[in-house]
Every structure is written in structure tokens, then in C-alpha cells.
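The structure under discussion appears below in the form of C-alpha cells.
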Amino acid sequence: MREAFANYINGHWVEPKTDNRHQRENPGNTDEIVCSFPDSGAQDVADAVEAAAEAFESWRFVPAPRRAEVLFRAAEIMAARKEDLARDVTTEMGKVLKEARGDVQEGIDMTYYVAGEGRRMWGQTTPSELPDKFNMSVRQPHGVVAAITPWNFPIAIPCWKLMPALVTGNTVVFKPSPFSPLSAHNLVGILEEAGLPPGVVNLVFGGNEAGAALVEDPRVVMVSFTGSLEVGREIGTYCGRNNKRVHLEMGGKNAILILDDADLELAVEGAVWSAFGTSGQRCTAASRMIVQSGIAPAFTDELVRRAQALRLGDGLDATTDMGPVVNMQALGKIGRYMEIGSDEGAAIACGGMRASGDGLDNGYFFQPTVFTNVRPAMRIAQDEIFGPVTDIIRCGDLEQAIAINNGVQYGLSSAIYTRDISKAFKAMERMTTGIVYINAGTIGAEVHLPFGGTRGTGNGHREAGQAALDSYSEWKTVYIDYSGRLQKAQIDRLEGDRG
Ligand code: NAD
């Protein structure tokens, strides 16, 4: 085991007030214990919130370009340590090293990008309707932000949340997933090293209980959550009742539309990458292939062939194409969906079982799986399975494909492969997801554009891009009257004005 971690509160690494600890195992080799970390309780959370609330009173007044300098330094450190950070990502959650490097790079990109906002963060200045009066709007921070994150992008997602929250002047209590404590520890250590003042970011390890205590602390004014729909809905309900700002990023049931005129090779490549990258455990993973009848036989054969050829194994091994899933519960859930799909009348064209042999027995490996004969209403075509499983759903034409694409409770990402520009634009306009790709798979977001989804995927906020600033700040509108007399908007008007 590498290390026994402590929480990070008010600039110190402190032991929790509970005696409970969890261990994180390597999902690719459960004999390897990666680290142990506190299962924090309500008192630990309260201490962290207290520190963040105190730090807010000074951090909010640090000029934004100075706040950004800390982030620039953090990005530099992350870039210098990219390889080590990536190896840690692979070790604790299983994605292959190439993808883990991408995860870290996304965190670096986001940190640089947001640091640049320290010198922008534009508001509006507009003319006033009255003479000798000046109008503008400026951003102001919320206060203490709770950042609650999943394990599947253990560097990128915390950076998506922490960096915009910090540059806009908030302070943060960060509660990472119990399945990715090592990356959280690494990231907060880097922020400390970059010179973030005590209390500005606090790290509390733990599970659902610590998360719930954080959401419910009255000093937490905003919750930024990424995770499952079930938990997000609970958090959203609590925040709604208690008038807290809340930003929810939840699941997906993303589809790729493959029309008869698609470039078959390109479409299959995009499908394999989107369905089986990160073992299908991306919120944007393509778990549905909506395929027009003419191309369906060739596409299915090729997808199955490519899925069967994927090499499973340790993500640190350069020859591995697909790593394990995150834990035993995930393995169990994916297995149950094999039964559900079969009971519903779908056929398993490849995969369908836990993978074993060849060094896989000590890890949570599941075979890349393709379901065929899938109808849009089946549970396997509606529920987020979050594993290396995708469905082939046949469709007649573009209209039908779009209707199937939109007919799920989630609305994160969708893609279409076609050579017909009119069909591409029609799909772009009518697919009701937050992200649309043309002639590319469902994954591959860039940090300077808004990221998020419609329906059950989100609550209208977006991560990344300029949109992130809107989540982590509120507008303050300022009117400056230098006329030296009482002027009444809407009432004082020039002689001869109409009305
Ligand atoms: P999860 O909902 O189980 O847990 C997410 C986080 O919430 C964890 O830190 C967990 O400890 C915490 N938590 C659990 N119960 C809580 C409660 N009652 N109160 C407060 N916090 C609580 O999700 P997961 O398994 O970690 O992640 C997988 C899910 O995340 C998938 O549904 C995936 O689609 C989604 N996801 C969405 C996006 C996106 O941007 N839309 C990105 C990545 C992952």
C-alpha cells in the first residue's frame, strides 16, 4: 500500500475524527491495495466547511488575476507531473494509461483556460436611459462551494469544478469518490504546492454519508455534483427545498446514428472508441448504435469483430486496449443487465460475461459486449449500464433515428455518421442532447466549450467554457448616478418623449 491519507483542512493534513478508514484496491489487480483514506464523518465535514467559510472572507477580495496566478502555477506542476498523475489514475480506477494521460491533460487544459479568465471574467457595461448615470454588471462569488465528484475522470472532473470555483472567488470543500482518493490527494497536494492559501480548498475523504453532510451544511451555499441520476436527484431536491445553488451533471444513454451513406470504417472506429473506451464508463459513452437497415449487417459484423479483438488487461501495459470496470458492484450490475437484455429478447452478439484467464482473474474485467435485436423501449436501451456494453438498434430513416435518439431520459451526447450535409444539419438541429458530434463518436469534449446535458443528465448548468463561470458566480448589477439629483428610471423622461 502506498500511503494512508489524511483530510486536508485549513492548510493542514489532518487525521479524521472518526476511526473509520477505507482502502482502495487496484480494480485491475485486487491484491494491490493502492491507499487507505478516511471515512470522514459529519464533524470532519463541519471542520472543513468552517475553514472554507473563514477563508472566503479574504479569498473573495484577492484580485482575480492574483487568484489565477495560483492556478497557472498548479497547471505548470500538473504538466510537469503528468506521467505520474496518469499512472496513479490507471492504478486506482483502471482506465488504460493513454486515456489516463488524456484525463490529466484535460485537467491541465481546464486549469490553464480558467486561469486566463482571471484577467477577463467580463461583465456588461451599457448606456443608461438617464443622463449622468453609468451601468454595469460584475460577477460575484457564491461563498462555500461543495464539489462532489465521481471516480471516472478523477483529475479532469475535479479540475472542471475547483478551478472555475476558485478563480471566481469561492472557497471549496471537495469530497471525491471513495473509488478515486489517490488522484484527489494528488490534485489537492498540487494546489497546496502552488500556493493556495489555507482554507481555500479543503479535502474531505469519505462516502455517501460525508457527501450528504456536506450538502446539508447550511454554510455551503452551492453544490456542484457529478455522478448518477439517483444521487443527483436527491441532492437537487434537498438544495431546491433549502434554496441552495446546485449544479448537477448526471448520467447518459448516448447514441451514435449510422446512416446508410456513412463511411463504414470511420463509423466503426468511432463506435469502438465511444463504446469501449474507459470500459464504457464515460458519461458520454455510446451505449446505443442506431443503425439504418441498409448498413446494419456490415456495421454489426465489423463492430463485433473489432470488439472481440480488444485486448483486456492491466491499463499500465501499453498493449492493453481496455481495462477493468471500477469495482465489484459495477461488475454485478453489468452482469444483471445481461440477463435483463436476454429476457427482453435481445441477442448477445459478443461478450456477455465476466472476462477471466490470462491474468484477468484478480481484476474486475468484463468482456466487450454487443447486443443485437434491441428495441428502443427495452431497459438495456433506456438505462445507463455504465460498462463495456452497447446496443444495435435498427432504424428506417433519419426521422426515426432522431426520435429513438431523443427518446431516453438522459440527454448528454449524440453523434451521427453521414456524408449528406443536409442530414447532418437536420440531425444537429433536432437531436436534443447537450452535445452533438458530426462524423465523430460521442466522446471527446474540449474544455473551452460548454459541457453538459438536457433532461435527466443535468439541471441546465454547464461545466467548462465560459458557461462554467455562470455556474460559480452570480451577477451583481451596479448603477452609478453622478447627476447629483434624484433620477427615477422609467419615470423621468425628456420633454416631448412619447408615453
Ligand atoms: P455516484 O452518484 O454513485 O457518486 C458520485 C459522488 O456522489 C461520489 O463522490 C459519492 O460518494 C457521492 N454521493 C453518493 N451519495 C451521496 C449523497 N446521498 N449525498 C452526497 N453525495 C453522495 O456516481 P459514481 O458511480 O461515482 O459515478 C458514475 C456516474 O457519474 C454515472 O452515472 C456517470 O454517467 C456520471 N457522470 C456524469 C458526468 C457528466 O458530466 N454528466 C461525468 C462523469 C460521470
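Kirkwood hydrodynamic radius computed over the chain comes to 23.9 Å, based on all pairs of distinct alpha carbons.
Given R₀ = 51 Å, what would the calculated FRET efficiency be for A377 paired with E129, taking r from the Cβ atoms and rounding to 0.05?
Approximately 0.40, to the nearest 0.05.
Where both bridge residues fall in the chain, DSSP classifies roughly 40% of the beta bridges as antiparallel. The distance between label points at E209 and A467 comes to 3.7 nm (points 7 Å beyond Cα on the Cα→Cβ vector). Stretch Q329-T454 to full length: gain in nm at 0.36 nm per residue minus the Cα-Cα span? Length gained, Q329 through T454: 42.3 nm.
Each pair of Cα atoms in the stretch 1-63 enters the Kirkwood radius, and Stokes-Einstein at 20 °C and 1.002 mPa s then converts it into a translational diffusion coefficient of 159 µm²/s. Each of the chymotrypsin sites (Phe, Trp or Tyr not before Pro) that DSSP puts in a loop and that has at most 14 other Cβ atoms within 10 Å breaks the chain; the longest unbroken stretch is 123-481. The simple Förster model, with R0 at 45 Å and r as the Cβ-Cβ distance, assigns K426 and R120 a FRET efficiency of 0.80. For the stretch 185-339, the dipole from Cβ point charges (+1 on Lys and Arg, -1 on Asp and Glu) about the Cα centre works out to 620 debye, to the nearest 20. Rg/Rh for the stretch 255-354 stands at 0.97; both radii use Cα atoms, and Rh follows the Kirkwood definition. Within the stretch 185-339, antiparallel bridges make up roughly 0 percent of the DSSP beta bridges whose residues both belong there. The charge dipole of the stretch 415-499, taken about the Cα centre with unit charges on the Cβ atoms of Lys, Arg (+1) and Asp, Glu (-1), comes to about 320 debye, rounded to the nearest 20.
Three principal axis extents describe the C-alpha atoms of the stretch 7-166; from largest down they are 74, 39, 23 Å. In plain terms, if you count all Cα to Cα distances in the stretch 254-438 and split them into 5 Å steps from zero, the share in each step is 1, 9, 19, 22, 21, 14, 8, 4, 1, 0, 0 percent.
For a straight C-alpha distance cut-off of 30 angstrom, the lysines reachable from K476 (same-chain residues fewer than eight places away being disregarded) are K133, K161, K175, K244, K488.
Think of each Lys and Arg Cβ as +1 and each Asp and Glu Cβ as -1; about the Cα centre, that makes the dipole of the chain roughly 1140 debye.
Annotation: extensible slack from R419 through E265 equals 54.1 nm (criterion: 0.36 nm per residue apart, minus Cα-Cα distance). Extension gain, R485-D361: 0.36 nm per intervening residue step, less the Cα-Cα distance, totals 36.5 nm.
Readers should treat all values here as calculations from the given coordinates under stated rules, not as data from a laboratory. The shown structure was predicted, so the numbers you read here are calculated from the model rather than taken from an experiment. In this analysis, Cβ positions are derived from the backbone assuming ideal geometry, glycine residues included, and neighbour counts consider all displayed protein chains.
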